[in-house]
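In what follows, a structure is listed as structure tokens, so that the remarks can point back to it.
Please treat every number below as a calculation from the coordinates, not as lab data. Computed from a prediction, not measured in an experiment: that's the story for all the values here. Note: ideal-geometry Cβ built from the backbone for every residue, glycine included; neighbour counts use all protein chains shown.
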Amino acid sequence: MHPHRIRIDHYDYPLPENRIAQFPLEQRDRSKLLICKDGEINDDLFSNLPAYLPENSLLIFNETRVIHARLIFQKASGSHIEIFCLEPLAPFRDHQQAFQQQQWAEWKCLAGNSKRWKTGDLILSFRHNNQNIRLKVSRMSMTADGTSTVLFSWDPPEMTFAEMLDHAGKIPLPPYIHRQPISQDEITYQTIYARQQGSVAAPTAGLHFSPEVFAEIRKKNIDLLECVLHVGAGTFRPVTSTTLAGHEMHAEKVFISLDNLKKLRDSNGKTLILVGTTTTRIMESLYWQGVKLIKKLTEGPEMDIRQWDPYEMNDSERISKEEALERVIIECEKHQAQGVVGQTSLMIAPGYTFRYPDILITNFHQPRSTLILMIAAYIGVEWRQAYQYALDHDFRFLSYGDSCLFFKSK
């Protein structure tokens, strides 16, 4: 079924402001865990998660790391301008290369209080480790979607963009957390396995994992597999159109190494446990990349999955996920690529057929969001009973809130 005609008001629910967690718990794994399996709903603590996971499974998670994307400048007039970094443009579009860039860089950004920044450069000067640091920002252009192309230049020039941003910027908490970041957010708003810099929001399903939980998972002979999807600011954008036809999905950068593609192939038959909606989007996009390669709609290891791709390739049901994955691996080897790299704006909505997740670990999501649509696609109409159960049993919601364990609907 094509989701064009799905009405977003069918995926609304009442979320009182006081149920949105403004701070994390002191211990990551002490959050509540809602369990939805075979039509039954129960709850436990996240620390007991391993008890619900089958032995000899494969746990797949997103190792992206949140960057200090918020930069606050003060003009001579006293006005504050916020520059919110979204993604690199030049000289490198690849995040790893972009963060090692020295002296200058161009990024796609959002500019807060933009009307007060009509001309001129913005300057931010500060000291770090007994060193004077000067950051200059120039707006090169603006686009119809409200974003700007921004040129950053800094001194000392040997400093990398990652170092500059780390010292000058602030960690970007979601807009529904109504407070300024504190020092503890530097730790609590990152997963313990965050490695690859590039996200402007945390893959929050992973925030609950602790070393102790991972230790128990390993005791059950559950293998681990890493992938990367850099979460964009669009993840917080609600669907404002009446139907999904009017909603444009944001594109997010992805990477899966060739070694991990082969590890995934070799795990054939294992239960696949996906941590979060971001990991789910990566894995499902991987399937569609393989389909497009098989159908000769693309070539090479670079991924570019559009939001409606799955719904416009009707005969793809004859292609198994194993066939699709093998074609991706072959293409990577043919081009001597380190893995699949690119972007996805895949829309997963009710009617979608999942290829990868047998079990999904996730948080509670905003009303009228594309993430709610993904949950509804995964467990069906039970999503509403699950969310009502959470509301009735004092669960905490959204990024710093509690967690869910969803088993695939039969």
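Report, please, the projected area of the range 306-410 averaged over directions, based on the convex hull of its C-alpha atoms, in nm².
8.5 nm²
Starting with the highest mean, order 127-135, 354-362 by the number of other Cβ atoms within 10 Å, averaged over the residues of each peptide.
354-362, 127-135
Once the convex hull of the alpha carbons of the range 100-253 is built, what does its volume come to per residue, in cubic angstrom?
About 183 Å³ per residue, rounded to a whole number.
Running a GNM on the chain with Cα contacts under 10 Å, which residue among MET313, MET140, MET159 ends up with the highest mean-square fluctuation?
Comparing MET313, MET140, MET159 in the GNM, the peak value goes to MET140.
Restricting to bridges with both residues inside the chain, how much of the DSSP beta-bridge set is antiparallel, in percent to the nearest 5?
70 percent
Given a 10 angstrom Cα cut-off, can you work out which residue in GLN289, GLN74, GLN190 is the most mobile in a GNM of the chain?
GLN74
Once you have the alpha carbon radius of gyration of the range 54-124, what is it after dividing by 2.2 N^0.38 Å, with N set to its residue count?
1.58
Report ³J(HN,Hα) in whole Hz for each residue of the range 176-191, in order, from the Karplus equation J = 6.51 cos²θ - 1.76 cosθ + 1.60 where θ = phi - 60°; Gly and Pro get x.
Computed from phi, the couplings for the range 176-191 are 8, 9, 8, 6, 7, x, 10, 4, 5, 4, 4, 9, 6, 9, 10, 6 Hz.
Relative contact order of the range 1-158, please, whole-number percent, based on alpha carbon pairs below 8 angstrom and at least 6 residues apart.
Computed value for the range 1-158: 14 percent relative contact order.
Kindly provide the helix-only [θ] at 222 nm of the chain, computed as the sum of -39,500 (n - 2.57) over DSSP H runs of four or more divided by all residues, to the nearest 500 deg cm²/dmol?
Helix contribution divided over all residues of the chain: -6500 deg cm²/dmol.
What percent of all Cα-Cα pairs in the range 157-215 falls into each 10 Å bin, going from 0 up to the bin containing the maximum distance?
Final binned percentages: 18, 48, 27, 7, 0.
What percent do you get for the relative contact order of the chain when only Cα pairs under 8 Å and 6+ apart count?
24 percent
If one takes the longest principal axis of the Cα atoms in the chain, at what angle in degrees, from 0 to 90 and to the nearest 10, does the Cα axis of helix 276-294 lie?
For helix 276-294, the angle is close to 80 degrees.
If the only charges are +1 at each Lys and Arg Cβ and -1 at each Asp and Glu Cβ, what is the size of the charge dipole of the range 310-362 around the Cα centre, to the nearest 20 debye?
120 debye
So how far apart, in nm, are the two label points at LEU297 and THR119 if each is 7 Å from Cα heading toward Cβ?
Those two pseudo-labels are separated by 4.9 nm.
Let me spell out the model: positive unit charges on the Cβ of Lys and Arg, negative unit charges on the Cβ of Asp and Glu, origin at the Cα centre of the range 276-410. What dipole size does that give, in debye rounded to 20?
Around 180 debye, computed over the range 276-410.
Mind putting together the pair-distance distribution for the range 69-170? All Cα pairs, 5 Å bins, whole percent per bin, short to long.
Going out from 0 Å in 5 Å bins, the range 69-170 shows 3, 13, 26, 26, 19, 11, 3, 0, 0 percent.
First select every other residue whose beta carbon is under 14 angstrom from the beta carbon of LEU264; then total the charges, Lys and Arg +1, Asp and Glu -1.
After counting each charged neighbour, the total is -2.
Just to confirm a number: summing +1 for Lys and Arg and -1 for Asp and Glu over residues other than ILE8 whose beta-carbon lies under 13 angstrom from that of ILE8, what do you get?
Net charge around ILE8: +2.
Rounding to the nearest 20 debye, state how big the charge dipole of the range 69-170 is about its Cα centre with +1 on each Lys and Arg Cβ and -1 on each Asp and Glu Cβ.
Roughly 500 debye for the range 69-170.
Please compute, over every Cα-Cα pair in the chain, the percentage with a separation greater than 30 angstrom.
The share of Cα pairs beyond 30 Å in the chain comes to 43 percent.
If we sort 385-393, 246-254 on the protection proxy, mean other Cβ atoms within 10 Å, highest first, what's the order?
Result, highest mean Cβ count within 10 Å first: 246-254, 385-393.
Could you list which residues have their amide H under 5 Å from that of ARG65, counting only those 5 or more apart in sequence or on another chain, with H placed in the peptide plane?
Long-range HN contacts for ARG65: ARG195, GLN196, GLN197, GLY198, SER199.
Give the order of ARG265, ARG28 when sorted by the count of other beta carbons within 10 angstrom, beginning with the fewest.
Ordered by Cβ neighbours within 10 Å, fewest first: ARG265, ARG28.
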